[in-house]
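Quick one: the structure is below, questions incoming.
No lab work stands behind these numbers, since they all come straight from the coordinates. From a predicted model like this one, the values you see are computed outputs, not experimental measurements. All Cβ positions, even for glycine, are placed from backbone atoms using ideal geometry, and neighbour counts span all protein chains on display.
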Amino acid sequence: MKLPLQVIPTGLLLLTSAHEALAAEWDGWSEVNASTDHYDTSDNYRRNTVKLNYQRVKTNAGALTLGVNAAEHRVNNKGANYQATEVGVKARKKVTEQFAVEGNLGVIKIKKPVGSSNQTTATHRVRAELKPNAKTMVALEHNKDVLFREEVGLSTSGEILTTEATAMEVIVTPSKRTSVSSKLQHKKFSDGNRNREAYVGAFYGVTPAAEPRLWVGVEGTQLDHDRQETGYWSPKNYRYVGVNAHGNLPVNEKLDLTASVSKGRSKDDKSNGYVSTLNASVGAKFNLQKDMNLSLDVRHGQSHRSGEKWRGDGVMMAFNYAF
């Protein structure tokens, strides 16, 4: 099936002139990022996205970042076509060396299949980060989004679900070669369903000793929903435990490579015992010239969802320019 050509919202063409006016007052730098992302799964979900970000960073009186973004999505979910357009603004302020705050506001408009009413939703994200010492980072985050980026979650009336999530993250790095991370999250769905997710991972920097680029470790996740729904993946008592290896390799001044692989076992209430789970990704960043690069990332995942085999694949290409 041929998908419509994706276009970037016209309003972003005004960013250049806006930057010229802003540059006269700011001592800092700007960054533009454009990306295209394709993602599909074995349960008949496919998404194609084109996204553009612009941000301006002020550095002369404490770090302050202001930015805008826009994206077009073409989604096919179990034979039904959706089109989503989103625009947003963001701000991040480093209040002190130990404390930073960030906020995002956006609007998403989704055009549904013929015969269904369109849907417009305001989204937001607020985040606070605290570094009480050089080895610890604690973050609190709350966000509201629409459930269509990894799957389309539908209510019994055909509405695309919205979600509100609150999370706390803690990352501790006792030394340059050790790191422990954890996350607790509570998510509420617009159909009344809720879930609770817990993650913990411990990693060791294998090589080189001074600044490790290859890390290996173990990680585990537990995810539980109040109830299971047929319109989206909502497992009861999902557990995952596995090993993870990830790292980056600077080949030369023009090329950096990245890779990640995690292998483990997962189970939920509809699984017949533990089953194998695999996630892997490889990437390359090409440094075209100073402050300009092109990156390519390919990812693959396979597991079981509610007792059925599941697969997800994606590829993303991004262009980044700082000036």
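Can you work out the Karplus-derived ³J(HN,Hα) for every residue in region 271-279? Use 6.51 cos²θ - 1.76 cosθ + 1.60 with θ = phi - 60°, whole Hz, and x for glycine or proline.
Karplus values, whole Hz, x for Gly and Pro: 8, 9, x, 6, 10, 6, 10, 9, 9.
Sticking with this structure for a sec: Sum up the charges of everything whose Cβ sits under 12 Å from the Cβ of ARG213, counting Lys and Arg as +1 and Asp and Glu as -1, but leave ARG213 out.
On the way: positive: LYS176, ARG177; negative: GLU211, ASP256.
Around ARG213, the surrounding residues sum to 0.
Just to be sure I follow the definition: excluding the sites themselves, where is the longest run in the chain that has none of the trypsin sites (Lys or Arg not before Pro) in a DSSP loop with at most 12 other Cβ atoms within 10 Å?
Numbers: sites that count: LYS2, LYS78, LYS176, ARG227, LYS254, LYS290.
Longest stretch, sites excluded: 79-175.
For the chain, state the average projected area of the convex hull of the C-alpha atoms over all orientations, rounded to one decimal in nm².
Details: hull surface 72.4 nm².
If you wrap the Cα atoms of the chain in a convex hull and average its projections, you get 18.1 nm².
Here's another thing I want to ask about it. Please work out the Cα convex hull volume for region 184-323 and give it in Å³ per residue. Could you put the intermediate results ahead of the total?
Working: hull volume 21.3 nm³, N = 140.
Convex hull of Cα atoms, per residue: 152 Å³.
Still on this structure: Once every DSSP H run of n ≥ 4 in the chain is given -39500 (n - 2.57) and the sum is divided by its residues, what mean residue ellipticity at 222 nm do you get, rounded to the nearest 500 deg cm²/dmol?
Working: 1 runs with 9 residues, N = 323.
Mean residue ellipticity at 222 nm (helix-derived): -1000 deg cm²/dmol.
Within the set of other residues whose C-beta is less than 10 Å from the C-beta of LYS51, count the net charge using Lys and Arg as +1 and Asp and Glu as -1. Kindly include the intermediate steps, with their values, before the conclusion.
Details: positive: none; negative: ASP37, GLU72, GLU86.
With Lys, Arg at +1 and Asp, Glu at -1, the neighbours total -3.
Moving to a separate point now. Please give the net charge around ALA318, taking every other residue with its beta carbon less than 11 angstrom from that of ALA318, where Lys and Arg add +1 and Asp and Glu add -1. Numbers along the way, then the final one.
On the way: positive: LYS51, LYS285; negative: ASP37, ASP297.
Surrounding charge for ALA318 is 0.
Follow-up. Please list, in order along region 252-263, the HN-Hα scalar couplings obtained from phi with the Karplus expression 6.51 cos²θ - 1.76 cosθ + 1.60 (θ = phi - 60°), rounded to whole Hz, x for Gly and Pro.
Karplus values, whole Hz, x for Gly and Pro: 7, 5, 9, 9, 10, 10, 9, 7, 8, 8, 10, 10.
I'd like the Karplus ³J(HN,Hα) series for region 155-164: coefficients 6.51, -1.76, 1.60, θ = phi - 60°, whole numbers in Hz, and an x wherever there's a Gly or Pro.
Coupling constants for region 155-164: 7, 5, 8, x, 6, 6, 5, 9, 10, 10 Hz.
Let me ask something additional. Which FRET efficiency value, to the nearest 0.05, do you get for ASP27 and VAL315 by plugging their Cβ-Cβ distance into 1/(1 + (r/R0)^6) with R0 = 45 Å?
Values: r = 38 Å, r/R0 = 0.85.
The formula returns an efficiency of 0.75 here.
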